[in-house]
Amino acid sequence: MKLPGLIFVCIFHLLVCSAYTQSSSGKGLLTVHGDVKVPLTLSVSDLDKMKRVKAVLADHDGKEQTYSGVSLEEILDSAGVTLGKNLKGRNLAKYVLVKCADGYQVVLALAEIDRGFTDRVIILATEVSGKPLPENMGPFRLIVPGERRSARSGYQVTDIVIRTATEQR
Ligand SMILES: Nc1nc2c(c(=O)[nH]1)N[C@H]1C(S)=C(S)[C@@H](COP(=O)(O)O)O[C@H]1N2
Ligand SMILES: [Mo]
């Protein structure tokens, strides 16, 4: 094959691959909904415009990786979730369900996210080591630092849902 033909094939291949990865990880958007004042649909560029913070998480080999993104507290705050002075009484029974593209789900309590309760900063990351997350993890990964296992650091996050635990007395 001559060079122009080869270049054409390469470009075509790239286009097909990028179209495929976009559809396989949804539309690359994250939605924040449930018990919120303002439901949000966020893209990577929306998160790029917010205050960027870092969090460290050890990978499978025990090597520490530095992720960067936006604090989950700030995202929930912009959705009007009851944090800060409103995180008391019945609102302490609220939890955050984080859903991932492969069906993986993890739960956090609001009090694990609120600065008034903890110094730990949980983030929604879009980058690791200064580069966009690899396809199999991105575009959004929850980073829950400071735990012995990284099991709650769900990758390919698609939904953040606020719910209230309901239990009959
Ligand atoms: N979407 C999704 N996220 C996930 C998982 C998963 O199966 N699906 N596994 C979790 C588990 S059990 C671990 S230990 C870490 C592994 O992250 P690492 O590859 O950075 O070590 O990802 C977590 N995030
Ligand atoms: Mo794990």
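The values are calculated or read from the model by the stated rules, or taken from the named source; none is laboratory data. Small disclaimer: the values here were computed from a predicted structure and weren't measured. With ideal geometry, Cβ positions are generated from the backbone for all residues, glycine too; neighbour counts draw on all protein chains shown. Areas reflect the complete protein model, heavy atoms only, side chains present, ligands, DNA and RNA absent. Shrake-Rupley method; radii C 1.70, N 1.55, O 1.52, S 1.80 Å.
The table that follows gives values for the structure above.
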read-out: Filtered residue count, segment 3-33, keeping only those that are modelled with pLDDT of 95 or more and open to solvent by 80 Å² or more (accessible area, probe 1.4 Å); value: 0
read-out: Out of GLY103, GLY146, GLY130, GLY80, sole residue that is touching a residue at least 40 places away in the same chain (Cβ under 8 Å) and within 23 Å of ASP59 (Cβ to Cβ); value: GLY130
read-out: Hey, GLY69 part of a strand (DSSP E or B), away from ligand 2 (no atom under 16 Å from the Cβ) and not polar (S, T, N, Q) or not; value: yes
read-out: Strands (runs of 3 or more DSSP E) wholly inside segment 73-153 containing at least 2 residues that are surrounded by 13 or more Cβ atoms within 10 Å (Cβ to Cβ), charged (D, E, K, R) and more than 16 Å from ligand 2 (Cβ to nearest atom); value: 94-100
read-out: Filter result for LEU133 (closer than 16 Å to HIS33 by Cβ, within 16 Å of ligand 1 (Cβ to nearest atom) and under 12 Å from the mean Cα position of the chain (by Cα)); value: no
read-out: GLU167 more than 16 Å from ligand 2 (Cβ to nearest atom) and open to solvent by 40 Å² or more (accessible area, probe 1.4 Å); value: yes
read-out: In segment 34-65, the residues that are open to solvent by 60 Å² or more (accessible area, probe 1.4 Å), more than 16 Å from ligand 2 (Cβ to nearest atom) and either on the phi > 0 side of the Ramachandran plot or not in a helix (DSSP H, G or I) (or both); value: ASP35, LYS37, VAL38, PRO39, THR41, LYS49, LYS51, ARG52, LYS54, VAL56, GLU64
read-out: Restricting segment 154-164 to residues that are of a type outside the set (A, V, I, L, M) and more than 16 Å from ligand 2 (Cβ to nearest atom), the residue that is most open to solvent (accessible area, probe 1.4 Å); value: ARG163
